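Q: Here's a structure for you.
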Amino acid sequence: MREVYWPLILVAILAFGFGIGTIVISKLVGPKRPDPSKLSPYECGVEPVGDARKPFFIHYYMIALLFLVFDIEVIFLYPWALKFKEMGSFAFWEMAVFIVIFLGIFLYAYVKGVLEWE
Amino acid sequence: MLETVILTIAKIIIFFAVLMFFVAYGTYAERKVAGGIQDRIGPLHCGPFGLLQPLADGLKLFFKEDITVAKSDKPTYYIAPILAVVPAILVIAVIPVDENIMITDLNIALLYFLAVSSLSVYAIMLGGWAGNSKYPLLGGLRSASQFISYELVLGLSIVCVAMLVGSFSLRDVVLYQKDMWMVFKQPIAFICYMIAAIAELNRAPFDLPEAESELVGGYHTEYSSMKFAMFFLGEYANMVVSSAIATCLFLGGWYAPFSILPFIPGFIWFLIKTFLIFFFMLWIRWTYPRVRFDQLMGMSWKVLMPVVLLNILVTGFIVTFGR
């Protein structure tokens, strides 16, 4: 069963079928008694004030940017992790330099205060 | 060829049924364990020992009114709960329950696991955003930043394992552990994996996205009926799946501990180990209080990330020069 990819398609069909099917069936069998106050967003019982489409704290955005940079670097580690045994000490030192650069970027973000949360 | 297709379909259905069984009785186990820890009894009235409780809950939720919030964003509102369960079901394709019992033995199983499991952040983020309500939005934002922070730690701790094994196939990972489990060779990676897995599942002590005391219910506040249930189904299915992956990666999969009781078939050992990790997650939830958000982010970026990176360096050094 090595490198057989088509079962993944069957599993995906099952997964999406289960998800969509469950929601459609519950939509069909459940009661429907709409009411304006029932359909308004829940804010602890008080009348909702305004809209939820508001600007949010920029820090979330910084974390997302950092994630993008680091995630790409993590992906670079994967092929190396698979083959470095056969490539000897050269591969190790090369990756050591890479990880030191990685930690350098990390330190830069740390000093700049991106990781601090107020 | 036809035989292989039928066999595969049968396997998929059995795997799916086992997953759903674990999910249903996971909710039951959670309530019983919570009851035990808090000196209560837990569910008792549906069937003997309350064993039919999950069925009763499921049926009840099916027949509840399905509310679509008036000002919500309709497509995202419907997509989010579906996406909550899909990733967990997709991962069962690569889990080796026994040496020859698995749906497919991908040579990139670990990459597949990472790619698919990271999809579940969309469910929480879109779910929080779609309802056009403030508390779910805050929950969704928190959850997204928490998830991506711990995603890095999870990915890096899996690198530590892949380095020793030299393969991304989960079957090879387990076969490598025949004599010695990975947890003894990579204890730091195991701890990092467990913390990251619990954090990614938004479980206590990292359940800030759904902190009841401050955010009502978190990202699923605006959902009702089966759509609400889907988020819970997704959470428990993800718990089961990440316990199963942890079993494969660190606890020697289907191998008996220290080769005792060899007559018990491998898949039984696998299920026992998966259940123990699952139980461990429940135990943590009902034992520790919630952490603060800055502590949570600091934990992943300032502590776990450097630790696991150094662990990779040390592992690389030992493997390269230790022979």
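Q: Can you find a residue that is more than 10 Å from every other protein chain (Cβ to nearest Cβ), farther than 20 Å from B:A204 by Cα and modelled with pLDDT under 85 anywhere in segment B:104-112?
A: no
Q: Could you name every one of the helices (runs of 4 or more DSSP H) located completely within segment B:258-323 that has at least 2 residues being over 30 Å from B:G36 (Cα atoms) and under 23 Å from the mean Cα position of the chain (by Cα)?
A: Because the criterion is at least 2 residues that are over 30 Å from B:G36 (Cα atoms) and under 23 Å from the mean Cα position of the chain (by Cα), the helices (runs of 4 or more DSSP H) in segment B:258-323 that meet it are B:293-298, B:305-321.
Q: Now, a different point. Just to check your reading of the model, which residue among B:N132, B:N100 is surrounded by fewer than 24 Cβ atoms within 10 Å (Cβ to Cβ), modelled with pLDDT under 90, out of contact with any helix residue (DSSP H, G or I) (no Cβ under 8 Å at 6 or more places or on another chain) and at the interface with chain A (Cβ under 8 Å from one of its Cβ atoms)?
A: B:N132
Q: Going by the conditions given, is B:A115 more than 8 Å from chain A (Cβ to nearest Cβ) and either aromatic (F, W, Y) or crowded, with 20+ Cβ neighbours inside 10 Å (or both)?
A: no
Q: If you scan segment B:155-168, which residues turn out to be among the polar types (S, T, N, Q) and more than 19 Å from the chain's Cα centre (by Cα)?
A: B:S167
Q: Return the pair list, or none, for Cβ contacts closer than 7 Å from residues in segment B:155-180 that are without any contact (Cβ under 8 Å) to a residue 60 or more places away in the chain to residues that are among the acidic types (D, E) and assigned to a helix (DSSP H, G or I), at least 6 apart or on different chains.
A: That search, which allows pairs on different chains as well, returns B:V165/B:D172.
Q: Within segment A:92-118, restricting attention to residues that are part of a helix (DSSP H, G or I) and small (G, A, S), which residue is farthest from the chain's Cα centre (by Cα)?
A: Initial filter on segment A:92-118 (part of a helix (DSSP H, G or I)): A:92-112.
Those still in the list that are small (G, A, S) too: A:96, A:104, A:109.
Values: A:A96: 27, A:G104: 24, A:A109: 20 Å.
Restricting to residues being part of a helix (DSSP H, G or I) and small (G, A, S), the top hit is A:A96.
Q: Right, here's the next one. Yes or no: A:M87 under 24 Å from B:V161 (Cβ atoms), in contact with a Gly (Cβ under 7 Å, 6 or more places away or on another chain) and either at pLDDT below 85 or within 9 Å of chain B (Cβ to nearest Cβ) (or both)? Talk me through it step by step, then tell me what you get.
A: Numbers: under 24 Å from B:V161 (Cβ atoms): yes; in contact with a Gly (Cβ under 7 Å, 6 or more places away or on another chain): no; either at pLDDT below 85 or within 9 Å of chain B (Cβ to nearest Cβ) (or both): yes.
It is false that A:M87 is under 24 Å from B:V161 (Cβ atoms), in contact with a Gly (Cβ under 7 Å, 6 or more places away or on another chain) and either at pLDDT below 85 or within 9 Å of chain B (Cβ to nearest Cβ) (or both).
Q: Out of contact with any Ser or Thr (no Cβ under 7 Å at 6 or more places or on another chain), within 23 Å of B:P87 (Cβ to Cβ), surrounded by 11 or more Cβ atoms within 10 Å (Cβ to Cβ) and modelled with pLDDT under 85 - does that describe any residue in segment A:25-40?
A: yes
Q: Having 3 or more residues that are within 14 Å of chain A (Cβ to nearest Cβ) is the bar; report the helices (runs of 4 or more DSSP H) wholly within segment B:152-256 that clear it.
A: Result: B:170-176, B:187-200, B:212-215, B:225-250.
The values are calculated or read from the model by the stated rules, or taken from the named source; none is laboratory data. Note that the structure is predicted; figures quoted are calculated from it, not measured. For neighbour counting, all protein chains shown are included, and Cβ atoms are generated from backbone atoms with ideal geometry for every residue, glycine included.
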